2 protein chains.
Amino acid sequence: MSSANSDTPTRILESTLALLEAPGGKLPTMSDIAKAAGVSRQAVYLHYPSRTDVLIAATRYQDQMLDMDTALAPSRTAANGRERLDAFVTAWCNHVPKIHGVARAIMALTSTDAEAKAAWDIRMTDLREGCAAAVAALARDGTLPDSMDQAKATDLLWALLSIRNWENLTQTCGWEQSRYAMTIRAMAVATLTQDTGPLTDALACPEPPA
Amino acid sequence: MSSANSDTPTRILESTLALLEAPGGKLPTMSDIAKAAGVSRQAVYLHYPSRTDVLIAATRYQDQMLDMDTALAPSRTAANGRERLDAFVTAWCNHVPKIHGVARAIMALTSTDAEAKAAWDIRMTDLREGCAAAVAALARDGTLPDSMDQAKATDLLWALLSIRNWENLTQTCGWEQSRYAMTIRAMAVATLTQDTGPLTDALACPEPPA
DNA sequence: CTGTCAATTGACACTGTGTCAAGCTGGAAG
DNA sequence: CTTCCAGCTTGACACAGTGTCAATTGACAG
């Protein structure tokens, strides 16, 4: 709610983010957004050509605020593939809850709105590149299972990290965020490395609320 | 397209299914549905109170036609937990592409329509029960990893089998259906059994188009 | 012929998006 | 001080889509 002293376009984005992160998050209408920003409906159109554009701009604004690049730094400087995978998966898993409100809105639009779909695809491509980099590091170390080429490993990791999986496990199944993160990390390791040993140990993780 | 000689309500459902399974599947409007069924828009309302109800009824109609219960029979008669898991996962994986058109529509509605959400939740609960049964069979055999209680194993399997994962891997990543099915099956086995041995072998699967 | 049922036609209210035109206002520039 | 103008407001409109209603048609059974 740092929405008092900014200029109108920014205030609109901040209000939109607040709406999207609200608990019973319906897709806000233009009127909702305008009201939340303390501005007339037309004022919103004065700055953003359509609702989709507002939502996409809000996403970008949030990206700026959250600074994912910094969060990924440990992953890029990891000593080996396994550590890189660990760091990347952990960083992403902890990023998801922060962007979920916004992501849910964009995902909802993708079924009807081509522009939203394009914006979403870009985001997913970015994630995919991170996955590919982690997989490439594993490949360099030779720790990728023999049967798994890099493309397939990247696809699998990307699918594993999907926001829908986060939704299913934490929202629908009620998992703690920490349990989600540790389990996904363990599955990534188990699936993408020929780590014969303590698969079982790796999948161990805090029971309900530890 | 067996839509010539049925009664109107059925013809509406069949036309709706055809629209949902069409390649560039947008969410059909009531006019679309009426036109496809060769009937006036109001005639649709004469049989179904809302668009959501048409879609849900179409889902149920398709369920009847596809007879998932029969497809799951091998899973129920499996000799041990591992075989049951295999059979269940395989049956579900091969079921997903058949229901995807319909599922996508219902999923799209869940964000705005409570009734659609309820219908979807029921479907997901059914899937979850199948997962729980397979997991229970593993538990009876004692082949569940020590660190994994039945509830967690069920959650994980359920998430793994989600339609979104199928979409991501086959639609977005372009995997062949067979590759999808074999990989998911292997991941399920690797994650849910303390199968120390040939994890790598299990994850092997046909390269691109074999 | 008469009822009845299914379907049709055409109208309407409502919500939401996006567009347009005219008016208001406060502050900077002359 | 006046003028100007950018930013915002108000209020109207067209359009698409949902869902409702009423009057009408047409066929078929009794």
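Worth a mention:
- Charge-dipole axis of segment A:67-203 as Lys and Arg at +1 and Asp and Glu at -1 on Cβ define it, positive-most pick from A:Ala132, A:Gln171, A:Thr90: A:Gln171
- Segment B:1-62 versus segment B:103-163: alpha-carbon centroid distance in Å: 29 Å
- According to the Kirkwood relation over distinct C-alpha pairs, the hydrodynamic radius of chain B is 18.7 Å.
- With Cα atoms, 0 to 90° folded angle of helix A:8-21 axis to chain A main axis: 50 degrees
- Shown for B:Ala136: label points 7 Å from Cα along the beta-carbon vector, and their distances to the equivalent points in the other copies, 4.8 nm in ascending order.
- For segment B:87-92, the Karplus equation 6.51 cos²θ - 1.76 cosθ + 1.60, evaluated at θ = phi - 60°, returns couplings of 5, 5, 4, 4, 4, 5 Hz by residue, with Gly and Pro reported as x.
- For the rotation carrying B onto A, the chain B residue whose Cβ lies nearest the axis, with the distance in whole Å, reads B:Arg164, 2.
- Using a 7 Å Cα-to-Cβ projection, B:Gln194 label spacings across copies, nm, ascending: 2.5
- List of segment B:148-166 residues, accessible area with partners at least 50 Å² below that of the chain alone (1.4 Å probe): B:Lys152, B:Asp155, B:Leu156, B:Trp158, B:Arg164
- Shown for B:Ala43: label points 7 Å from Cα along the beta-carbon vector, and their distances to the equivalent points in the other copies, 5.1 nm in ascending order.
- Accessible carbon and sulfur surface of the protein assembly as shown relative to its total accessible area, %, 1.4 Å: 54 percent
- Sequence of B:His47, B:His100 when ordered by accessible area, the most exposed leading, probe 1.4 angstrom: B:His47, B:His100
- Normalised by residue count, the protein assembly as shown yields a Cα convex hull volume of 156 Å³ per residue.
- Over segment A:88-171, relative contact order from alpha-carbon pairs under 8 Å, at least 6 apart, %: 31 percent
- Percent RCO, i.e. relative contact order, over chain A, from Cα pairs under 8 Å lying at least 6 residues apart: 17 percent
- Potential extension, A:Lys26-A:Met65 segment - 0.36 nm per residue separation minus Cα distance: 11.7 nm
- Reach of A:Lys35 by Cα under 19 Å, taken over lysines that are not fewer than 8 positions away in the same chain: A:Lys26
- The shape of segment A:26-89 comes out prolate: with a ≥ b ≥ c from the C-alpha gyration tensor, a/c is at least 1.5 and a/b beats b/c.
- Pairs of Cα atoms farther than 12 Å apart, segment B:154-193, %: 56 percent
- Against chain B, whose longest principal axis comes from its Cα atoms, helix B:114-141 is set at around 20 degrees.
The values are calculated or read from the model by the stated rules, or taken from the named source; none is laboratory data. As the structure is a computational prediction, the values presented were derived from the model and not from experiment. FYI the Cβ positions are ideal-geometry reconstructions off the backbone, even for glycines, and counts take in every protein chain you see. What goes into the accessible areas is simple: the full protein's heavy atoms, side chains included, and nothing from ligands, DNA or RNA. Shrake-Rupley method; radii C 1.70, N 1.55, O 1.52, S 1.80 Å.
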